[in-house]
Amino acid sequence: MLKKEYALDGFKRVPFIDPVRAVHGVLIDAAAPAVPACDQRTVPGVMSQRACAYYGARWFLAPLKQAIHLVHGPVSCAYYGETVRKKKYTVFSTDLSEKEVIFGGEAKLLQNLLEIGERFPDTKAILIYVTCAPGFTGDNVERACRNAEQATGIRCVPVNCPGFLGYHQATGHEIGAQVLLDHFIGRDDKAEAGSYDINILGEYDVMGDYKVIKALLGRMGINVVSALTADATVDNLARAHRVRLNVIHCRRTGGPMAEKMRQKYGIPHVKVSFFGVAQTSTALRQIGARLNLQEAAERVIAEEEAMVAADLERYRWELSGKRVGLFFGGSRIGSMQNCYRELGIEVLAAGSQFGGKDDYRDAWSTMKPGAALVDDTNEEEVLRFIRQYRPDVIAGGMREKWIAHKFGIPFTVFPQESGPYAGYFGFRNLARDILVALKAPVWQIVRGESETDAGSTS
Amino acid sequence: MSSNCQPIPIEGIAYNQLKIEKKPIVPEYVPRDPVLVPKANRTVVVNPSRTCMPFGAMFAGLGMHRGLPFVQGAQGCTTYVRYTFCRIFQEPASIANASFHEDAAVFGGRKNFIEGMRNLIVRYHPDVVTVVTTCSSEIIGDDMVSFIKAARKRLIKELGEEEGNRPKLVLVNTPSFAGSHIVGYDRASRAFLETLAQDHSKPNNRINILPGMVMPGDLRELKHMLREMGVDAYILFDISDVFDTPLMPPQTLPYYPEGGTRVAEVEDMGNSIATFALCQNEGGLGARYLEQKFEIPAFIGPMPMGVKNTDLFLKRVSEVTGREIPKSLKDERGRLLDFMADTLHHTMMKRVAIFGDPDIATGITRFACELGMEPVAVMSGTKTKTFTADIEGIVGEFGFKPLILNGSDLFELEESLKTMPVDVIIGNSKGADIAKELQVPLVRAGLFVYDRVGYHKRPVIGYRGGERLLADLVNAIMDFSYPEERTQQL
């Protein structure tokens, strides 16, 4: 009975995908463009890697400065939300207890907001994350916010992101983006747009990614007003509607926001990727073309490419022909694949937790025939992928890393731990990290042992 | 020339004397109004030091052999916890989830539970599934007992009588608003014994140990002590070979670590001669349950950290089992005492702040007092009934009067420490920022150590754990007090 369920009935199905989720995976076939079914409800009980709307909202809004982040719910949501992308932020919690769950937490929330106003009068805004518990009990958060605003004079903004909303964390990203649009962007009417002012949407400064991008753009003479939300502050968001161009880096989080800003303020937007040499050059050219800075762009590109060329040649020599499986959160699946292909690494399979149709189309167009594209890959599928394809290295989130190691497969983690991956300089880091993971002598030792270990078979 | 001569600096001044006053890093720091800081005067929690009940229940569920927790809640409830386990232990943590979406929020989680349980068991063949509820499922009022019956029926229908009945389903009710991870673990220990330990007919001359949320290294140390004494013991939620496993591919699918408490072991726990709960608040409930149900004597706390507490633990084990404490353990004790004597000039009269979960904070406070350190502030993230009295009892013996924060947050700890300087902080990784801000060393111990590696492999309990903690403590103090002198002579 079980065996039948796992039997593969047609070669078109992704070989490692769970049978109940067959529609969520496609094998690339140049003749028949197809994307996996995405943005659908998660199959319960299969160890999905997805997270909740609150997770997404925290992911998006955590770096917002000059604001206090108050999590309205049991204390644990705040405890976990303290660490986002391996960075620690200060969080406040209303610490709902049994009493408030039964009789309503609005009074406690108001009390909390007043206490924050008293203790931290310098803050410019308070974000109130509404989690599952108050989402169920139906606390009137808006009213509490209004009352607190009148009493303290600090802007109180509810972020309505109970965990059960939507199917994955991208719902939270959208909610977070909407909050910024409604309550933060464009509050400063006096701001004037400089000729080379831009925003970067969907950039989160993982290990200094944003610093690299900002430096590159700075050399072209471009001024970044606000990077959402790498360096977003309440002040610079107020001016963020007076720019010439919105640059979208992560499509899933930045895309809808850019579209709304285009409708509301008439700001054009362009989707780029700063990962990989070719893509970074394309990105700089595209941005340069929009701002009439073609010459500056070409100058920067020429200088930077010359600097990294020798290094990359070496890395390409070492990495060419290796095979990789990529399991990312969302919109990186397309752009990151170009990076790997640039290094001569073959992508066997790509999966994402919450990618949209556009992301999968992107990925589809860059993948070789026969490779697999899977939505919401779960732990078991990753393991079966390892068994069936024997990749040289896997790239993905923190949670798959340790289990891949147990199977003797090297792993590179995203969001990365070692340094920026963006831009020319960052691409070198990426290549080095892949090489580091592959060449570690520990894998040689492990493999040597398992070959001599005659008794065990996988 | 001689008139312009600079005064010759006097050598031999200790660095401690040179440090005049500890100032906060930020120059514009204005001390807060002392009335506004204490947790007692406010309802808002800033930088909490405790997490939710499901965390404890999942920790327990992973401590079973071929055991998987199943979380009846939204996806984040699992993802965040898996992420936390991964960061602490650098090991995979497989936790299944019912994936609540809006439909489950409106219509209840019955469909998700039955479907999810079926998917999980068909794919992973676990021996035991810990059903963990969350705030969502508790608020919408999911009737988990009936859900479990329905899921069982579905499994039997699909997999046959034998295979469908094989996986044990243990329900742990953990509404996260009602307590912290400590309570969750406590409840899980009781739920497992209630569900599985029914037999009290065949005495097995073993003891039960409920270790609480300790690290794999602690459990190894515990097993070492018991082995030296020749005592057979069941350890309930033995995570030592779950969260610290060897890298030995090829592995089989589905992946399970080799360790964990077996279901048969838990079933036999009703026949044991005594139960030791090392932590009062983590596992005490289970020990008390066995005492009430089968009249198995329960020895609850204190955590065997430092000299006196370990002595007490070994003495009790020796009394219960009739085994002598062997010379090897007495030697270990002697080595710890020797170490304490050799390093006393580094530890004596040092002012220390301690925070963490209540039991480990109590244990560390006792050990710090034994080392001659003066506890200035002791904080427990979880409020318990006995914490204040326990700490007062310990420091009373040594004549100290620390600030005791029972169930407070890191904001209060930080602000309190700014007004009363300390030499060293002992606690988990959440204190890294405080230590940086106050410019004092942080010695990491406890459950949530995720910004340094290897801490889960090394014990803090027992005599050897004491040696390790003491070494860490002295090294941190030395690194900090004499940063420029590369070759410190002891």
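The values are calculated or read from the model by the stated rules, or taken from the named source; none is laboratory data. Everything numeric in this text was worked out from a predicted model, so none of it was measured. Cβ placement follows ideal geometry from the backbone for every residue including glycine, while neighbour counts extend to all protein chains displayed. Accessible surface areas use protein heavy atoms only, side chains included; no ligands, DNA or RNA. Shrake-Rupley method; radii C 1.70, N 1.55, O 1.52, S 1.80 Å.
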Q) Taking a quarter of the surface of the convex hull around the Cα atoms of region A:128-278, what do you get in nm²? A) 10.7
Q) Computed FRET efficiency, Cβ-Cβ of residue B:419 and residue B:339, R0 45 Å: what is it to the nearest 0.05? A) 0.85
Q) Taking all pairs of different Cα atoms in region A:197-301, averaging 1/r and flipping that mean, what Kirkwood radius in angstroms comes out? A) 13.5
Q) How far apart, in nm, are the 7 Å Cα→Cβ label points at residue B:103 and residue B:162? A) 3.6
Q) What is the distance, in nm, between label points placed 7 Å from the Cα along the Cα-to-Cβ direction at residue B:194 and at residue B:478? A) 5.1
Q. How many percent of the accessible area of chain B is carbon or sulfur, using a 1.4 Å probe?
A. 52
Q.
Counting C-alpha atoms alone, how compact is region B:60-128: give Rg to one decimal and Dmax as a whole number, in angstrom.
A. 12.7, 38
Q: Distance between Cα centroids, region B:194-270 to region B:154-168: provide it in whole Å.
A: 26
Q) With axes computed from alpha carbons, what is the tilt in degrees of helix B:358-370 against the longest principal axis of chain B, rounded to the nearest 10 within 0 to 90? A) 30
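Just to be sure I follow: if Rg is taken over the C-alpha atoms of region B:91-241 and Rh is the Kirkwood radius over the same atoms, what is Rg/Rh? Intermediate results must be reported in sequence, preceding the final value.
Details: Rg = 17.9 Å, Rh = 17.6 Å.
My calculation puts Rg/Rh at 1.01.
Can you show me the helix-derived [θ] at 222 nm for chain B, built from DSSP H runs with n ≥ 4 at -39,500 (n - 2.57) apiece and divided by the number of residues, rounded to the nearest 500.
Numbers: 20 runs with 221 residues, N = 490.
Helix contribution divided over all residues of chain B: -13500 deg cm²/dmol.
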(Q) Please report the antiparallel percentage of the DSSP beta bridges confined to chain A, to the nearest 5. (A) 10
Q.
Please report the antiparallel percentage of the DSSP beta bridges confined to the protein assembly as shown, to the nearest 5.
A. 10
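When the accessible area of chain A is computed with all protein chains present and a 1.4 Å probe, what percentage of it is carbon and sulfur? It would help to have the intermediate numbers written out before the result.
Working: 8770 of 16910 Å².
Of the solvent-accessible surface of chain A, carbon and sulfur hold 52 percent.
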**Q.** Total charge dipole magnitude, region B:53-179, about the Cα centre, Cβ charges on Lys, Arg, Asp, Glu only, Debye to nearest 20
**A.** 200
Q | Relative contact order %, chain B, counting alpha carbon pairs below 8 Å whose residues are six or more apart | A | 17
**Q.** Exposed GluC sites (Glu not before Pro) absent: longest stretch of chain A, with sites in DSSP loops and at most 14 other Cβ within 10 Å deemed exposed
**A.** A:193-416
Q. Using unit Cβ charges (K, R positive; D, E negative) and no other charged atoms, how large, in debye to the nearest 20, is the dipole of region A:53-166 about its Cα centre?
A. 560
Q) Cα-based Rg (one decimal) and Dmax (whole number) for chain B, in Å? A) 24.7, 102
Q: Can you pull a Stokes-Einstein diffusion coefficient for chain A at 37 °C (0.692 mPa s), Rh from Kirkwood over Cα pairs, as a whole number of µm²/s?
A: 139
**Q.** Zone residues, region A:54-88, relative to residue A:235, backbone N less than 14 Å from point 7 Å out along Cα-to-Cβ
**A.** A:65-67
Q | Per residue solvent-accessible surface (Å²) - chain B, probe of 1.4 Å | A | 40
Q) So how far, in whole Å, is the C-alpha centre of region A:55-128 from the one of region B:339-407? A) 31
Q. Any idea what angle helix B:462-481 forms with the longest principal axis of chain B, computed on alpha-carbon atoms, 0 to 90 degrees, nearest 10?
A. 40
Q: Please state, to two decimals, what the Cα-based radius of gyration of region A:53-166 comes to when divided by 2.2 N^0.38 Å (N = residues).
A: 0.97
Q) Which shape class applies to region A:276-341: rounded if a/c is under 1.5, otherwise prolate when a/b exceeds b/c and oblate if not, where a ≥ b ≥ c are the square roots of the Cα gyration tensor eigenvalues? A) oblate
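Return the calculated 222 nm mean residue ellipticity for chain A, to the nearest 500 deg cm²/dmol, obtained by summing -39500 (n - 2.57) across DSSP H runs with n ≥ 4 and dividing by the residue count. Walk me through the numbers before you get to the answer.
Values: 19 runs with 215 residues, N = 458.
My calculation for chain A gives -14500 deg cm²/dmol from helical runs alone.
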Q | Kirkwood-type radius of the protein assembly as shown, with distances r between different C-alpha atoms, in Å | A | 29.7
Q: Place +1 on the Cβ of every Lys and Arg and -1 on the Cβ of every Asp and Glu in region A:197-301, take the dipole about the Cα centre, and give the residue among A:238, A:257, A:201 whose Cα lies farthest towards its positive end.
A: A:257
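Which of the residue pairs A:86/A:264; A:99/B:149; A:401/B:223; A:260/A:368; A:99/B:383 have a Cα-Cα distance greater than 23 Å in the structure shown? Mind dumping the intermediate values first?
Working: A:86/A:264 34 Å; A:99/B:149 31 Å; A:401/B:223 30 Å; A:260/A:368 34 Å; A:99/B:383 16 Å.
Listed pairs above 23 Å: A:86/A:264; A:99/B:149; A:401/B:223; A:260/A:368.
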Q. With a 1.4 Å probe, how much accessible area is buried between chains A and B, both sides summed, in Å² to the nearest hundred?
A. 7100
Q: State whether region A:195-258 is rounded, prolate or oblate according to the following rule on the C-alpha gyration tensor (a ≥ b ≥ c being the square roots of its eigenvalues): a/c under 1.5 gives rounded; otherwise a/b larger than b/c gives prolate, and the remaining case gives oblate.
A: rounded
(Q) Can you give me the long-range amide H partners of residue B:99? Hydrogens built in the peptide plane at 1.01 Å from N, cutoff under 5 Å, separation of 5 or more residues or another chain. (A) A:45, B:73
Q. Where in region B:44-84 does accessible area fall by at least 40 Å² between the isolated chain and the complete protein assembly, at a 1.4 Å probe radius?
A. B:44, B:45, B:46, B:47, B:48, B:50, B:51, B:75, B:79, B:80, B:82, B:83
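For chain A, report the accessible area per residue in Å² (1.4 Å probe, heavy atoms, rounded to an integer).
On the way: 16910 Å² over 458 residues.
Per residue, chain A has an accessible area of 37 Å².
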